[in-house]
1. Out of all the residues in region 318-327, is one or more over 19 Å from Asp203 (Cβ atoms) and in contact (Cβ under 8 Å) with a residue 40 or more places away in the chain?
2. Going by the conditions given, is Ile264 among the β-branched types (Val, Ile, Thr) and either under 21 Å from Arg92 (Cα atoms) or surrounded by fewer than 16 Cβ atoms within 10 Å (Cβ to Cβ) (or both)?
3. List the strands (runs of 3 or more DSSP E) inside region 419-519, counting only whole elements, that have at least 2 residues being within 19 Å of Gly536 (Cβ to Cβ) and in contact with a helix residue (DSSP H, G or I) (Cβ under 8 Å, 6 or more places away or on another chain).
4. Taking helices (runs of 4 or more DSSP H) that do not extend beyond region 108-186, which have at least 3 residues that are touching a Ser or Thr at 6+ places or on another chain (Cβ under 7 Å), more than 16 Å from the ligand (Cβ to nearest atom) and over 16 Å from Ile11 (Cβ atoms)?
5. If the Cβ limit is 9 Å and pairs must be 6+ apart or interchain, which residue in region 4-21 that is closer than 16 Å to Val178 by Cβ pairs with which residue that is of a type in the set (S, T, N, Q) and away from the ligand (no atom under 15 Å from the Cβ)?
6. Counting only residues that are modelled with pLDDT under 85 and among the charged types (D, E, K, R), which one in region 17-28 is farthest from the ligand (Cβ to nearest atom)?
7. Any idea how many residues of region 412-461 are aromatic (Phe, Trp, Tyr) and over 25 Å from Glu148 (Cβ atoms)?
8. Looking at region 122-139, can you tell me whether even one residue there is on the phi > 0 side of the Ramachandran plot and either among the basic types (Lys, Arg) or crowded, with 20+ Cβ neighbours inside 10 Å (or both)?
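The values are calculated or read from the model by the stated rules, or taken from the named source; none is laboratory data. Keep in mind it's a predicted model, so treat the numbers as computed, not measured. Cβ atoms come from the backbone with ideal geometry, glycine included; neighbour counts cover every protein chain shown.
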Amino acid sequence: ERQSRIRNFSIIAHIDHGKSTLADRILEKTSALTQREMKEQLLDSMDLERERGITIKLNAVQLNYKAKDGETYIFHLIDTPGHVDFTYEVSRSLAACEGALLIVDAAQGIEAQTLANVYLALENDLEILPVINKIDLPSAEPERVRNEVEEVIGLDASEAVLASAKAGIGIEEILEQVVEKVPAPAGDPDGPLQALIFDSLYDPYRGVVTYIRVTEGTVKVGDMIRMMATKKEFEVVELGVFTPKAVNKDFLTVGDVGYLTAAIKNVGDTQVGDTITSAVNPAAEPLPGYRKMNPMVYCGLYPVDNAKYNDLREALERLVLNDSALQYEPETSQALGFGYRCGFLGLLHMEIIQERIEREFNIDLIATAPSVIYNVTTTDGEQMIVDNPANMPEAQLLQTVEEPYVKATIMTPNDYVGTIMEICQKKRGVFQTMDYLENNRVNVLYEIPLSEIVYDFFDQLKSSTKGYASLDYELIGYKPSKLVKMDILLNGEKIDALSVIVHKDFAYERGKVVVEKLKELIPRQQFEVPIQASIGQKVIARSTIKALRKNVLAKCYGGDISRKRKLLEKQKEGKKRMKTIGRVEVPQEAFMAVLRMD
Ligand code: GTP
């Protein structure tokens with residue numbers, strides 16, 4: 001029977017441990033496509049992904065595997081991202097599976113994200129099959145890593161496959177384990193339809209394309225379906241699977257993973273995580289949705305060219321369709337005009353969205369410094385939620401301000417413990433515990449304000465440990481802190497988009513760094529521009545940008561014409577990301593400078 005030959009699984013791992021490479025190998029072993037064709041077909045739509053070398057989008061592929069027992073099995077392989085920002089996508093794809101391959105690098109061993117992903121897999125009741133990868137590396141220590149998997153994670157690793165995705169070692173063994181150990185989907189093909197939407201995208205011709213996993217029942221082309229959360233009904237136009245080419249099907253049934261279109265024109269009618277059922281014979285209950293992730297970091301996005309405001313709205317509408325964690329709402333700034341306040345899972349998520357808007361939708365953006373959400377109580381007892389520093393009431397009106405804290409888990413070789421503690425203290429971290437693991441490694445726990453780690457914490461951690469430390473964090477709740485708003489004035493004018501929330505004890509130091517940084521970043525103008533940092537009415541730091549004396553062209557007066565043209569070109573380039581505020585031209589970098597600490 002077909003259903004007993006279906007296996008749905010994901011690959012989970014810490015970033016760079018080899019998920020994508022292994023996925024490629026599995027595709028090679030199970031499909032007629034060459035690696036080059038696969039690359040073109042799988043990744044064509046996502047340049048950005050290829051360039052950054054990280055997986056940010058789910059890939060669900062149907063594969064046929066002829067096993068040693070002579071049967072041909074139908075595999076659905078769902079690739080998952082590994083970065084700390086993308087937990088929600090991992091959890092989405094896991095909800096569509098019965099098993100997961102857990103890849104651990106034989107040289108690096110378990111890292112923070114390995115653990116985080118294992119917890120997600122366990123939450124989804126998945127069968128976890130450990131794979132120790134990169135055994136071809138001279139520094140590989142597969143047996144040590146096998147022990148580590150048993151001791152740190154508590155999984156039976158006695159049958160963990162020793163593999164090299166790069167050299168093609170152990171791939172067949174992995175596929176045989178998938179057949180043997182991952183359970184076939186349970187569910188009744190004749191029952192009332194339940195299909196989980198685990199992703200979706202918008203196609204201008206076909207409308208919303210949903211990626212679904214059928215858990216119960218069967219769906220056919222022409223069926224009337226209902227979205228259980230939005231209650232909207234549609235007629236199924238197209239069904240299919242990715243092999244990875246899109247292949248049309250007449251129906252999808254229990255265990256199938258594929259796509260469904262139904263001339264859905266309104267993006268809001270489908271929600272990732274919702275259950276599709278039959279309009280005629282509806283299921284009683286929706287499937288439990290995947291774990292919904294809320295944004296943790298907010299920033300303002302403004303088009304450099306104000307006329308592009310509507311284009312920006314359209315871009316955000318499109319992006320939010322297959323990125324349910326992205327949030328946005330209109331916002332106005334005195335300095336920057338009309339834009340959107342957007343919520344992201346973390347900084348990488350924010351950067352990727354910005355880049356996608358600029359590249360795919362061709363809109364140049366100014367992004368304000370990222371901020372977290374503060375809970376504020378004013379002296380007259382009013383409770384407020386502040387996600388934009390500009391809206392923080394003045395210091396004398398504040399009763400309490402609470403900020404979000406995270407529990408940060410940092411895994412590092414022993415040698416770097418001192419360095420890491422120093423960084424954490426500087427970021428207002430509170431030490432919790434420290435566990436020595438096998439083989440010279442330590443697991444350090446800190447509680448740190450989220451606002452301190454959203455900016456450059458991860459980069460600092462990496463650069464001061466030669467890349468060896470790994471980080472995972474989760475929100476633990478809000479705690480009161482002595483926080484105030486620091487305003488920045490340019491040419492005597494308060495610039496709302498440059499306001500930032502700082503800890504009282506660090507305000508003076510911070511103010512000094514910021515005005516100096518701004519002085520470097522803002523180009524000289526035709527007149528002198530004073531820069532001030534203030535808390536309420538009180539100026540805490542100041543500096544001045546001297547007036548521009550000479551015309552740029554004057555420098556190469558008499559020089560050759562091409563040199564001049566180049567200079568002008570360069571100026572134009574620089575201008576693209578400038579915003580004129582009052583009479584002052586401010587570059588994009590200035591908006592991030594308010595978070596600089598060095
Ligand atoms: P993300 O998609 O960014 O989460 O990373 P990933 O886990 O998919 O890792 P990826 O497959 O991109 O591999 C990361 C690096 O490790 C690449 O440079 C691979 O060539 C390399 N790599 C993967 N598998 C092996 C292996 O078995 N041996 C060796 N030596 N290198 C490998």
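1. Scanning region 318-327 turns up at least one residue that is over 19 Å from Asp203 (Cβ atoms) and in contact (Cβ under 8 Å) with a residue 40 or more places away in the chain.
2. Values: among the β-branched types (Val, Ile, Thr): yes; either under 21 Å from Arg92 (Cα atoms) or surrounded by fewer than 16 Cβ atoms within 10 Å (Cβ to Cβ) (or both): no.
No, not satisfied.
3. Working: elements: 430-437, 441-449, 470-480, 483-490, 500-503.
Per the criteria, 483-490, 500-503.
4. Details: elements: 112-123, 142-148, 171-181.
So the answer is none; nothing clears 3.
5. Here the result reads Arg5/Thr72, each pair linking region 4-21 to a residue that is of a type in the set (S, T, N, Q) and away from the ligand (no atom under 15 Å from the Cβ).
6. Of region 17-28, the ones modelled with pLDDT under 85 are 20, 24, 27-28.
Imposing the further condition that a residue be among the charged types (D, E, K, R) reduces the set to 24, 28.
Details: Asp24: 8, Glu28: 14 Å.
Checked region 17-28; the qualifying residue farthest from the ligand (Cβ to nearest atom) is Glu28.
7. The initial filter retains those residues of region 412-461 that are aromatic (Phe, Trp, Tyr), namely 416, 431, 436, 446, 455, 457-458.
From the residues that got through so far, the ones that are over 25 Å from Glu148 (Cβ atoms) too are 455, 457.
Going through region 412-461 one residue at a time, the tally reaches 2.
8. Of all residues in region 122-139, those on the phi > 0 side of the Ramachandran plot come to 125, 134.
This time we only want the ones that are either among the basic types (Lys, Arg) or crowded, with 20+ Cβ neighbours inside 10 Å (or both), so: 134.
The answer is yes; a qualifying residue exists.
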